[in-house]
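Trainee: Mind looking over this structure? Questions follow.
A short reminder: the numbers here are calculations on the coordinates, not readings from a lab. The model shown is predicted, which means the values in this text are computed figures rather than measured ones. Here the Cβ is made from the backbone with ideal geometry for all residues, glycine too, and neighbour counts use every protein chain on show.
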Amino acid sequence: MDKSQLTIMNRSFTKLNQRREVLLQDETTINLKERVKKIRTNSIKQLSLLLEKAEKNLIDNGIEVIIAKNGDEAREAIHQLVKTEDLIAKSKSNTAGEIKLTEYLEENGIEVLETDLGDRIVQFDKSRPTHPIGPACHLDMKNISKIISCEFGREIEAEPTAILDAVKTDILEKIPHCSVGITGANSVAAEDGSLVMVHNEGNISLLTMMDLHIILVGIDKLVPTVEDAISVVKLETIYATGKKVPAYMNVISSPSKTADIEQIILKDMYGAKRVVVVFLDNGRTQALEEKEKCLWCIGCGACIVNCPVYTTLGPEFGYLRHLGGKGIVLSHFIDGEVSYDSGLYKCTLCGQCTMECPVEIPINDMLEDLRKESVKEGKYPEEHGNIRNNIKKSGTPFK
Ligand code: SF4
């Protein structure tokens with residue numbers, strides 16, 4: 001990521017901080033924060049029970065459930081569901097990014113249409129998303145106009161409405177050719193068998209109307225009830241966007257149905273004929289045993305916005321779409337080898353992320369613990385080893 005993109009990203013983060021400031025002082029937000037912290041800590045404590053309940057209740061509601069142990073199983077399960085398609089539509093999903101789902105489907109000859117504006121721009125640009133909710137916040141209007149002009153083979157003015165219209169028109173022309181929509185979910189209510197997803201563009205609503213709706217979600221997103229799930233997504237919205245509520249909140253509890261004719265349940269009205277939920281473990285059960293607090297995360301990205309390392313390096317400090325220090329902690333359980341390369345030793349351990357986090361995940365403490373483990377395994381940067389050797393030899397870090 002070059003210097004100018006970092007500047008643009010940090011400018012977006014400043015605007016986000018300003019927008020959030022007033023809301024974060026509001027008593028309603030403070031109370032909501034306390035409530036969500038309790039919901040998340042209790043949910044993670046009973047995660048395996050919630051997963052059992054969710055599986056049963058979703059199936060009872062007519063939703064198919066697949067539990068994938070790792071990325072390979074999730075990718076393969078989804079591929080089996082969509083292998084006859086040429087084009088599928090997708091919404092923003094950090095979990096899909098975690099398993100490189102788009103790359104996998106495209107390698108297998110299935111084109112993936114990103115429907116979120118920021119994600120579509122990043123898809124054209126082939127750059128890495130820089131914020132979980134605002135993936136293109138490292139690009140300014142001029143950059144974006146260049147990227148899409150090049151993609152569409154015609155000049156698109158560097159003007160917001162012109163950009164929006166050009167991308168939207170292209171997506172809407174392709175949407176009727178898609179019969180599968182893949183989305184994530186922001187929170188899952190185990191006892192109700194419901195999935196809650198939030199968005200501002202309305203794109204997820206389009207995807208839920210396709211014949212097959214596939215929802216890929218980490219098992220850590222489980223909470224007991226719909227009320228809990230809505231509290232979680234409300235707080236996520238405040239911290240991620242600085243807005244009180246999202247423009248859209250979809251609650252999916254079954255495929256499309258009606259009981260309007262003599263109370264007879266008939267399926268296949270307007271929405272999806274088939275809804276399949278793929279629950280992804282991918283190291284989360286291991287994280288539960290060793291560092292359960294990292295699973296409290298509600299996905300708002302507040303931890304990266306004021307992180308001195310992330311705001312200097314950008315997404316190279318993190319793991320795929322799990323950005324910043326928390327992403328590095330999670331990456332340790334997805335693939336122990338990658339946490340080192342994701343920036344384990346780049347963190348300053350300043351603790352700013354923990355202060356910013358609405359559920360107070362002690363990210364810096366967890367990173368420090370992981371470093372200790374990594375040192376025991378003899379894995380640390382050469383420079384650190386040199387400093388240690390100098391101290392041993394001469395009592396100072398210098399030669
Ligand atoms: S502790 Fe590490 S991850 Fe957290 S804000 Fe500081 S530098 Fe960033």
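Trainee: Under a Cβ-only charge scheme (Lys and Arg +1, Asp and Glu -1), can you give me the dipole magnitude of the chain about the Cα centre, in debye to the nearest 20?
Mentor: Working: 49 positive and 59 negative charges, 277 e Å.
Once rounded to the nearest 20, the dipole reads 1320 debye.
Trainee: Give or take rounding to whole Å, what are the principal axis extents of the alpha carbon atoms in segment 1-82, in descending order?
Mentor: For segment 1-82, the Cα extents along the three principal axes come out at 44, 39, 23 Å.
Trainee: Hey, got the Cα dimensions of segment 3-280 along the principal axes, in Å, largest first?
Mentor: Here the spans come out as 54, 50, 40 Å, largest first.
Trainee: Specify the angular offset, from 0 to 90 degrees and rounded to the nearest 10, of the alpha carbon long axis of helix 226-241 from the longest principal axis of the alpha carbons in the chain.
Mentor: Long axis of 226-241 versus the principal axis of the chain: about 60 degrees.
Trainee: Further question: Beta carbons within 10 angstrom, averaged per residue: use that to sort the peptides 344-356, 318-330, 221-233, highest first.
Mentor: Packing proxy ranking, top to bottom: 318-330, 221-233, 344-356.
Trainee: Can you flag which of Lys15/Lys346; Lys15/Lys92; Lys291/Lys376; Lys69/Lys168; Lys3/Lys293 are past 28 Å Cα-Cα? Please report the intermediate quantities before stating the final value.
Mentor: Values: Lys15/Lys346 26 Å; Lys15/Lys92 22 Å; Lys291/Lys376 18 Å; Lys69/Lys168 36 Å; Lys3/Lys293 34 Å.
Cα-Cα > 28 Å for Lys69/Lys168; Lys3/Lys293; rest within.
Trainee: Right, next: Given N residues in segment 301-388, what is Rg(Cα) / (2.2 N^0.38 Å)?
Mentor: So segment 301-388 has a normalised radius of gyration of 1.02.
Trainee: Right, here's the next one. Which residue, Ser374, Leu172, Val36, has the largest displacement toward the positive end of the dipole of the chain when charges sit on each Cβ (Lys, Arg +1; Asp, Glu -1)?
Mentor: It is Ser374.
Trainee: What's the angle, to the nearest 10 degrees (0 to 90), between helix 71-82's Cα axis and the longest principal axis of the chain?
Mentor: Approximately 20 degrees, to the nearest ten.
Trainee: Report, to the nearest 10°, how far helix 382-394 tilts away from the longest principal axis of the Cα atoms in the chain, using its own Cα long axis and a range of 0 to 90°.
Mentor: So the helix axis and the longest Cα principal axis differ by about 20 degrees.
Trainee: Next question, about the same structure. Using 7 Å Cα-to-Cβ label points, what is the Arg11/Lys243 separation (nm, one decimal)?
Mentor: Those two pseudo-labels are separated by 2.2 nm.
Trainee: Same structure again: Between Arg35, Arg388, Arg120, find the one with the highest GNM mean-square fluctuation for the chain; connect C-alpha pairs within less than 10 Å.
Mentor: Per the Cα network of the chain with a 10 Å cutoff, Arg388 tops the list.
Trainee: Another one. Can you tell me the FRET efficiency between Asn42 and Asn389 if r is taken as the Cβ-Cβ distance and R0 is 30 Å, rounded to the nearest 0.05? Let's see the in-between values first.
Mentor: On the way: r = 47 Å, r/R0 = 1.56.
Rounded to the nearest 0.05, the efficiency is 0.05.
Trainee: For segment 104-186, which GluC sites (Glu not before Pro) are both in a DSSP coil and crowded by at most 14 other Cβ atoms within 10 Å?
Mentor: Here the GluC sites (Glu not before Pro) that fit, given the DSSP loop and packing criteria, are Glu155, Glu157.
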